[in-house]
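In what follows, a single structure is set out as structure tokens and then discussed.
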Amino acid sequence: MTGNRSLSSRLILYWVVGSFLAFFTLPATVYLPLTALRVGDNATTGLEGWTTKRARNLVVDSLRQTAEGAKFVEFTPALRTHMARNPEFRFAVFDAETRALLPGSFIDLAGYFDRESRVETRGAMIHLIDDPNPNARGYDRTIDTPIGNMRVIVYGAYFHWDDVLYQLYNYLTLTSLVAFLPLCAVMAIIALFVVRSGLAPLHSAAERVAMIDVNSMDERIARANLPMEVRPFVDAVNSALDRVREGVARQRRFAANAAHEMRTPVAILRARVERLQDDPKKHDIERDVRRIQNIVEQLLALAQLKERAMAGSEVLDLGETTLSIAADYMPVAIDNGRNIEFEGPAAPVTARADRWAVDSIVTNLIENAVRAEPEGGTITVRVGPGPTIEVVDHGEGITFEDRERIFEPFWRKHDRPSGSGLGLAIVRELLNELRGSIDVRATPGGGATFVVRLPGA
Ligand SMILES: Nc1ncnc2c1ncn2[C@@H]1O[C@H](COP(=O)(O)OP(=O)(O)OP(=O)(O)O)[C@@H](O)[C@H]1O
Ligand SMILES: [Mg+2]
């Protein structure tokens, strides 16, 4: 479960728990060592100062009032125990209103204090100058008690380690808890802000990475603005991309070289076959060699595509260009018993593209359409409106599931001897380079319609 928790919530949790501990152990972790070492304000206090609050509370708990209203200090068991543990412990309680000393108080201690003083002590650490023990401490404080406002003076108790626990316990009150809450809220907001803003650049970096494919292998994640902690990760992704790009380039070079090397021997083979005596097998061999030649040419085109596409596009009259490609293919179609019909645009349409690329795209689509078209049928090549070319056939069509697959290299629906499955892969690559697109739809009444969109001039 912790594996999925967000960084901010984890940070907030640790922060809140950590600061809670720090806040509520402050008396033991900070004040106590400071007092023991007599640093700063605590220099004159001494550890004995720690016992005074506990002693005073004991005395307050022992205050009683008779039915007639007489107030006094009762020697409760708790008070007795404390006195036994601290033989030098003494206390004196004055009624803050009447200034009378409550029975039970230590007379000698009370003698040190001026009852008629016009000063009300709200809390003061005291030391009796003639006390031989220089560490002895006491506390003088006027507080509200169950029997009224009282000036309670305690003096001379030893420091015991359980006084620390007592202090911690007293510190853990609802008031200090409530005081702690705003601090918690502020820390949570800071944690949230730090994590969110720190990781924001990572989100945009992720969006960039998501868009990288083999056609945009030069993209890298910018390191600027990224927190130092995630930089090693980003560097690793960038260097992985470098290696992948290098690998893709190597494969492209290999395919280009292989296709290029095969081209000449295949051309020679074809020439030799054509020169053979007429033989029943000659026709079959010729067809096979043509097919090999087709594969080699397509592979070469695919491999060289990147370099050739760098040459830069020109402004083409799309109607004229497409018409001339369709006209070139017409004899082949007629030979195969199919017809090609051309529908030009009403007004001239221009597109920004390379002539050789459009040639390859349209030829591939017409070739496929002629192959799919039933014998005696007519395929339609339509240009416009806008820089679009449609190639419409009435064959078996392309099922919805196959609409992506047909663009994968070497994918063919049927294992016919003609075709290598590279045509549409090349078409898609070319359109990527040209920043165009291709769509497949069903022809009304059956068949496939390919729609090519090119960037306008
Ligand atoms: N107009 C179409 N109608 C029906 N199926 C098609 C059509 N065009 C393509 N396909 C299917 O998609 C597959 C892939 O087409 P693609 O053009 O990539 O390869 P190919 O035509 O088989 O071979 P190549 O084009 O390399 O000579 C084809 O084999 C065919 O099954
Ligand atoms: Mg094809």
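The values are calculated or read from the model by the stated rules, or taken from the named source; none is laboratory data. This structure is a prediction, so every number in the text was calculated from the model and none was measured. Quick reminder, even Gly has a Cβ in these numbers, built from the backbone with ideal geometry, and neighbours come from all protein chains shown. Keep in mind that these areas ignore ligands, DNA and RNA; they rest on the heavy atoms of the full protein, side chains included. Shrake-Rupley method; radii C 1.70, N 1.55, O 1.52, S 1.80 Å.
The calculated 222 nm mean residue ellipticity attributable to helices in the chain amounts to -16000 deg cm²/dmol, summing -39500 (n - 2.57) over DSSP H runs of n ≥ 4 and dividing by all residues. For region 325-457, the calculated P(r) over all alpha carbon pairs, in 10 Å bins from 0 to the bin holding the longest distance, is 12, 45, 36, 6, 0 percent. Stokes-Einstein, applied to the Kirkwood radius of region 99-220 over Cα pairs at a viscosity of 1.306 mPa s and 10 °C, places its translational diffusion at 75 µm² s⁻¹. Expressed as a whole percent, the accessible area of region 211-310 that falls on carbon and sulfur atoms is 57 (1.4 Å probe). What are the ³J(HN,Hα) values, in whole Hz, obtained from phi via the Karplus relation 6.51 cos²θ - 1.76 cosθ + 1.60 with θ = phi - 60°, for each residue of region 89-99 in sequence order, with x given for Gly and Pro? Those phi angles translate into 6, 9, 8, 8, 10, 10, 6, 5, 7, 8, 6 Hz.
Charged side chains reduced to their Cβ positions (Lys and Arg at +1, Asp and Glu at -1) give the chain a dipole of some 1020 debye around its Cα centre. Extents of region 11-177, largest first, come to 61, 39, 34 Å (Cα atoms, principal axes, whole angstrom).
Packing around the peptides 364-376, 321-333, 122-134, taken as the average count of other Cβ atoms within 10 Å per residue, puts them in this order, highest first: 364-376, 321-333, 122-134. All Cα-Cα separations within region 147-193 were binned at 10 Å from zero, giving a P(r) of 19, 24, 32, 15, 9, 1, each value a whole percent of the pairs. With all projection directions averaged, the alpha carbon convex hull of region 240-281 covers 3.8 nm². Across region 360-421, counting alpha-carbon atoms alone, Rg and Dmax equal 12.5, 37 Å.
Hull surface divided by four, with the convex hull built on the Cα atoms of the chain: how many nm²?
About 43.2 nm², averaged over all directions.
Please list the non-local residues whose amide H lies under 5 Å from the amide H of residue 339, H modeled 1.01 Å from N, same-chain partners needing a gap of 5 or more. Residues meeting the criterion, in which the H sits 1.01 Å from N, are 377, 378, 379.
Along its three principal directions, the equivalent ellipsoid of region 263-406 from the Cα gyration tensor extends over semi-axes of 29, 21, 15 Å, largest first. A straight line joining the Cα centroids of region 396-411 and region 373-390 runs 19 Å.
So for the chain, taking the charge dipole from beta-carbon charges (+1 Lys/Arg, -1 Asp/Glu), which of 372, 190, 430 sits furthest toward the positive end? Toward the positive end, the furthest listed residue is 190. A simple charge model with +1 on the Cβ of Lys and Arg, -1 on the Cβ of Asp and Glu and nothing else charged puts the dipole of region 11-177 at about 220 debye relative to its Cα centre. Phi angles across region 404-411 convert, under the Karplus curve 6.51 cos²θ - 1.76 cosθ + 1.60 with θ = phi - 60°, into 3J(HN,Hα) values of 8, 5, 4, 8, 7, x, 6, 7 Hz, Gly and Pro given as x. Put simply, the convex hull of the Cα atoms in region 45-136 casts, on average, a shadow of 6.7 nm².
Amide H to amide H distances under 5 Å link residue 350 with 318, 457, where only residues 5 or more positions off or on other chains count and H is placed in the peptide plane. Restricting region 53-152 to GluC sites (Glu not before Pro) that sit in a DSSP loop and have at most 10 other Cβ atoms within 10 Å of their own Cβ leaves 68, 97, 116, 120. With a ≥ b ≥ c the root eigenvalues of the C-alpha gyration tensor of region 211-310, is it rounded (a/c under 1.5), prolate (a/b larger than b/c) or oblate? It comes out prolate by the Cα gyration axes. Taking θ as phi - 60° and the Karplus parameters 6.51, -1.76 and 1.60, the scalar couplings of region 144-151 work out to 7, 10, x, 10, x, 6, 10, 8 Hz in sequence order, x denoting glycine and proline. Only one residue of 110, 125, 171 has its Cα farthest out toward the positive end of the dipole of region 11-177, where Lys and Arg carry +1 and Asp and Glu -1 on Cβ, and that residue is 171.
List the chymotrypsin sites (Phe, Trp or Tyr not before Pro) within region 376-417 that DSSP assigns to loop and that have no more than 14 neighbouring Cβ atoms inside 10 Å. When the chymotrypsin sites (Phe, Trp or Tyr not before Pro) of region 376-417 are filtered for loop state and at most 14 Cβ neighbours within 10 Å, 400, 410, 411 remain.
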